[in-house]
Amino acid sequence: MAVASKFVIIIQANQQDVGKAVHGLLYGYELHEEGFKVEILFDGAGTAWPNELSKAEHPFNTL
């Protein structure tokens, strides 16, 4: 069985679903650290996250 080497994570979580958004980011980070190619896409309500996460004071800014 072939093992995937590329992953796409789609985040559609709204601002009230911070756990879902962070879970997607953490999973992407873990895959990246293991050497996989990862793309994270923000779709729908999730498109608000890049702006929110770019704020230096946001607790998950480093992700």
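So which residues in region 18-47 are in contact (Cβ under 8 Å) with a residue 12 or more places away in the chain and acidic (Asp, Glu)?
39, 43
Within region 8-18, identify whether any single residue is at positive phi and out of contact with any strand residue (DSSP E or B) (no Cβ under 7 Å at 6 or more places or on another chain), and answer yes or no.
No.
Before we move on, is residue 7 aromatic (Phe, Trp, Tyr), modelled with pLDDT under 90 and outside any helix (DSSP H, G or I)?
no
Of all residues in region 1-41, count the ones that are exposed (fewer than 10 other Cβ atoms within 10 Å of the Cβ) and not small (Gly, Ala, Ser).
The qualifying residues number 6.
Filter region 42-57 down to the residues that are surrounded by fewer than 13 Cβ atoms within 10 Å (Cβ to Cβ) and more than 12 Å from the chain's Cα centre (by Cα) and list them by number.
44, 51, 54, 55, 56, 57
The values are calculated or read from the model by the stated rules, or taken from the named source; none is laboratory data. Predicted model, so just to flag it, every value in this text is computed and none were measured. Neighbour counts run over all protein chains shown; Cβ positions are idealised from the backbone, glycine included.
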